[in-house]
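Step one of this worksheet: look at the structure below.
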Amino acid sequence: MFFFIGGIQPKTVTLDETPKVCPSCGLQQAKLKRIDHYFSLFFIPLFRVKKGEPVLMCENCNFVASPDQAEALTHIAHRTKQYCPSCGYVLDPSFNYCPRCGTKV
């Protein structure tokens with residue numbers, strides 16, 4: 001008697017290694033990724049069943065958005081955020097110090 005363990009499992013594929021600015025946290029740790037679904041047998045992915053859409057995923061705050069939506073949110077965030085007077089880094093309004101250079105805001 002044999003048992004087969006199989007099913008569908010997700011696999012995240014990084015499309016672009018260049019980090020982009022996250023519209024949620026403001027850090028440059030968002031990357032363009034895609035979540036594909038694979039048929040697996042004994043937990044080994046054999047072939048892709050469904051190809052996912054590209055999304056922007058932040059590795060810091062786990063923010064997920066489509067690339068178009070993230071670009072629109074980034075433009076809105078840049079209008080509402082402050083910049084460090086010393087190095088020009090984008091600051092959250094709640095910051096008292098710049099996380100890049102340490103200058104008091």
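The values are calculated or read from the model by the stated rules, or taken from the named source; none is laboratory data. Computed from a predicted structure; not experimentally measured. Counting neighbours? That spans all protein chains shown, and the Cβs are built from the backbone with ideal geometry, glycine included.
When you scan the range 15-62 for strands (runs of 3 or more DSSP E) that lie fully inside it, which ones turn up with 2 or more residues that are closer than 30 Å to PHE3 by Cα and either touching a strand residue (DSSP E or B) at 6+ places or on another chain (Cβ under 9 Å) or among the polar types (S, T, N, Q) (or both)?
In the range 15-62, 30-41, 44-50 are the strands (runs of 3 or more DSSP E) which contain 2 or more residues that are closer than 30 Å to PHE3 by Cα and either touching a strand residue (DSSP E or B) at 6+ places or on another chain (Cβ under 9 Å) or among the polar types (S, T, N, Q) (or both).
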ask   = Inside the range 24-74, can you point out the residues that are farther than 13 Å from PRO10 by Cα and in contact with a Gly (Cβ under 6 Å, 6 or more places away or on another chain)?
value = LEU41
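Looking for something among the aliphatic types (A, V, I, L, M), in contact (Cβ under 8 Å) with a residue 60 or more places away in the chain and not in a strand (DSSP E or B) - is there at least one such residue anywhere in the range 3-12?
Here is the first cut: in the range 3-12, the residues among the aliphatic types (A, V, I, L, M) are 5, 8.
Filter once more, so that each one left must be in contact (Cβ under 8 Å) with a residue 60 or more places away in the chain: none.
Within the range 3-12, none of the residues are among the aliphatic types (A, V, I, L, M), in contact (Cβ under 8 Å) with a residue 60 or more places away in the chain and not in a strand (DSSP E or B).
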query = Restricting the range 94-105 to residues that are surrounded by fewer than 11 Cβ atoms within 10 Å (Cβ to Cβ) and closer than 20 Å to GLN29 by Cβ, which is modelled with the lowest pLDDT?
reply = SER94
